[in-house]
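Enquirer: Handing you this structure, nothing more for now.
The values are calculated or read from the model by the stated rules, or taken from the named source; none is laboratory data. Note that the coordinates shown come from a computational prediction; the quantities given were computed from them, not determined experimentally. Because the Cβ atoms are built from the backbone with ideal geometry, glycine has one as well, and the counts that use them run over all protein chains shown. Just so you know, the surface numbers come from the protein's heavy atoms only, side chains and all, with ligands and any DNA or RNA stripped out. Shrake-Rupley method; radii C 1.70, N 1.55, O 1.52, S 1.80 Å.
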Amino acid sequence: MTSESDFIASLRALATEPAARCLLDDAAVLSVGEGKLVLTHDMMIEGVHFLKDDPPGDIAWKLVAVNISDLAAKGARPIGILLGYSLGHSDEWDAAFTAGLRDAAEHFHVALLGGDTVSMPPDAPMALGLTAIGEALTPRVPSRAGARAGDILWVTGTIGDKGAGLRIARGEIAGSARLLGSYRRPEPRAEAGQALAPYVNAMMDVSDGLLIDASRLANASGVAAEIDLDCVPLSRDYVALCGDGQAERLAAATAGDDYELLFAAAPRQSDTVFTIARSMGMAFTPVGRLQKGEGITLIDSNGPVPLPGRLGYEHVS
């Protein structure tokens, strides 16, 4: 089966425009006049990215939020969105989706500019797409590449809440409304990304899992990543529900859907990073280091930790 990474690699020969960043990033950065536009596109498919019974308003919110998260990782200010929508649900479903889209657009201060609608075959899963357009606020727009050996690897917020929320939504476990809400209506770190952009060497959002995304950042930068599992920040709700042992930390670090920011910064920037965190009223946590070499390794207080068989989510066909 063709993996997501293999298919993207096959497209690189077509992506020769510098704005494409060799398809090694989450967004394109297009120079327009004196400024730069940041462009990103995400799809969401029923049964893959959301559950059939998820509230349609929450699905709309998440569709916008995951794209805003990509802009956040570039330090970009959201400007507009283009929607791709598959028809076929009830009028009530469409109305609830539209209401959720309105809530998200107002919350993230982004304008709906257009898009497309299509009819789907009977019983086909709902397919949604959204393109987000942002304005770069710094001359140098962070990418996945650019990290250096010796950089500290940081993450915003907490990891694993959305994975636990998904399990609650599926009925696998009973847990707090906050965890369920964090899965259904994630809050991308747009303001944090804008504040951090001038000081980081590389930045991306955590969408498929902390470990797999850290490995992607390291690979794009030509360095190796070492993650300390004991440092992975977990929320009180997650620990109360799942625990904080090695297995639970690995589950959090591979679950995905976090939409936190993962960034690499030189050690001399640590005071600045902590100052920005305090100004945002949230925690930014150092979770590892980047070193010469390649790949990813794990440690905890007892020493090396074997890599799990699955670092995170990756699409296959």
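Enquirer: Look at G114 and say whether it is in contact with a strand residue (DSSP E or B) (Cβ under 8 Å, 6 or more places away or on another chain), touching a residue at least 60 places away in the same chain (Cβ under 8 Å) and over 15 Å from D237 (Cβ atoms). I'd like the intermediate steps shown before the answer.
Expert: Values: in contact with a strand residue (DSSP E or B) (Cβ under 8 Å, 6 or more places away or on another chain): yes; touching a residue at least 60 places away in the same chain (Cβ under 8 Å): no; over 15 Å from D237 (Cβ atoms): yes.
In short, no.
Enquirer: Within region 52-98, take every residue that is outside any helix (DSSP H, G or I) and of a type in the set (A, V, I, L, M) and give me the one that is nearest to F263 (Cα to Cα).
Expert: Here the answer is A73.
Enquirer: Looking at this structure, is S143 part of a loop (DSSP other than H, G, I, E, B), of a type in the set (S, T, N, Q), surrounded by 20 or more Cβ atoms within 10 Å (Cβ to Cβ) and touching a helix residue (DSSP H, G or I) at 6+ places or on another chain (Cβ under 8 Å)? Talk me through it step by step, then tell me what you get.
Expert: Numbers: part of a loop (DSSP other than H, G, I, E, B): yes; of a type in the set (S, T, N, Q): yes; surrounded by 20 or more Cβ atoms within 10 Å (Cβ to Cβ): yes; touching a helix residue (DSSP H, G or I) at 6+ places or on another chain (Cβ under 8 Å): yes.
Against the criterion (part of a loop (DSSP other than H, G, I, E, B), of a type in the set (S, T, N, Q), surrounded by 20 or more Cβ atoms within 10 Å (Cβ to Cβ) and touching a helix residue (DSSP H, G or I) at 6+ places or on another chain (Cβ under 8 Å)), S143 qualifies.
Enquirer: Can you report the number of residues in region 146-158 which are buried (at least 22 other Cβ atoms within 10 Å of the Cβ), among the aliphatic types (A, V, I, L, M) and in a strand (DSSP E or B)?
Expert: 2
Enquirer: When you scan region 292-317, how many residues do you find that are open to solvent by less than 70 Å² (accessible area, probe 1.4 Å), part of a strand (DSSP E or B) and among the aliphatic types (A, V, I, L, M)?
Expert: 4
Enquirer: What are the residues in region 159-196 that are open to solvent by 10 Å² or more (accessible area, probe 1.4 Å), in a helix (DSSP H, G or I) and among the hydroxyl-bearing types (S, T, Y), if any?
Expert: S182
Enquirer: Output the number of the condition that R289 fails; it satisfies all remaining conditions of (1) open to solvent by less than 70 Å² (accessible area, probe 1.4 Å); (2) within 25 Å of G150 (Cβ to Cβ); (3) of a type outside the set (G, A, S).
Expert: Failed condition: (1).
Enquirer: Among the residues of region 102-140, which ones are among the small types (G, A, S) and not in a helix (DSSP H, G or I)?
Expert: Result: A111, G114, G115, S119, A124, A127, G129, A132, G134, A136.
Enquirer: State which residue is surrounded by the most Cβ atoms within 10 Å (Cβ to Cβ) when the search covers only region 247-286 and only residues that are of a type in the set (D, E, K, R) and assigned to a helix (DSSP H, G or I).
Expert: Within region 247-286, the match that is surrounded by the most Cβ atoms within 10 Å (Cβ to Cβ) is R249.
Enquirer: Residues in region 87-132 that are of a type in the set (D, E) and open to solvent by less than 60 Å² (accessible area, probe 1.4 Å): how many? Quick ask: steps written out before the conclusion?
Expert: Residues of region 87-132 that are of a type in the set (D, E), as a first pass: 91-92, 94, 103, 106, 116, 123.
This time we only want the ones that are open to solvent by less than 60 Å² (accessible area, probe 1.4 Å), so: 94.
Qualifying residue count, region 87-132: 1.
Enquirer: Between residues in region 197-210 that are assigned to a strand (DSSP E or B) and residues that are among the basic types (K, R) and surrounded by fewer than 21 Cβ atoms within 10 Å (Cβ to Cβ), which pairs lie under 9 Å by C-beta distance while being six or more apart or on different chains?
Expert: A202/R148
Enquirer: So, in region 146-188, of the ones that are modelled with pLDDT of 95 or more and out of contact with any helix residue (DSSP H, G or I) (no Cβ under 8 Å at 6 or more places or on another chain), which residue ends up nearest to L210 (Cα to Cα)?
Expert: Top of the filtered list is G157.
Enquirer: Next question. Scanning for something more than 29 Å from P198 (Cα to Cα), at pLDDT 95 or above and open to solvent by 70 Å² or more (accessible area, probe 1.4 Å), does region 225-237 turn up at least one residue?
Expert: To start, the set of residues in region 225-237 that are more than 29 Å from P198 (Cα to Cα) comprises 236-237.
In the following step, the residues that additionally are at pLDDT 95 or above were identified as 236-237.
If we keep only those that are open to solvent by 70 Å² or more (accessible area, probe 1.4 Å) too, we end up with 236.
So far as region 225-237 goes, yes, one or more of its residues are more than 29 Å from P198 (Cα to Cα), at pLDDT 95 or above and open to solvent by 70 Å² or more (accessible area, probe 1.4 Å).
Enquirer: Could I ask something else about it? Of the residues in region 28-63, how many are open to solvent by less than 50 Å² (accessible area, probe 1.4 Å) and more than 30 Å from A169 (Cα to Cα)?
Expert: The number of residues fulfilling the criteria is 4.
Enquirer: Sticking with this structure for a sec: With the requirement that a residue be without any contact (Cβ under 8 Å) to a residue 60 or more places away in the chain and over 21 Å from the mean Cα position of the chain (by Cα), what does region 140-182 give you?
Expert: If the condition is that a residue be without any contact (Cβ under 8 Å) to a residue 60 or more places away in the chain and over 21 Å from the mean Cα position of the chain (by Cα), then G171, E172, A174, A177 are the ones that fit.
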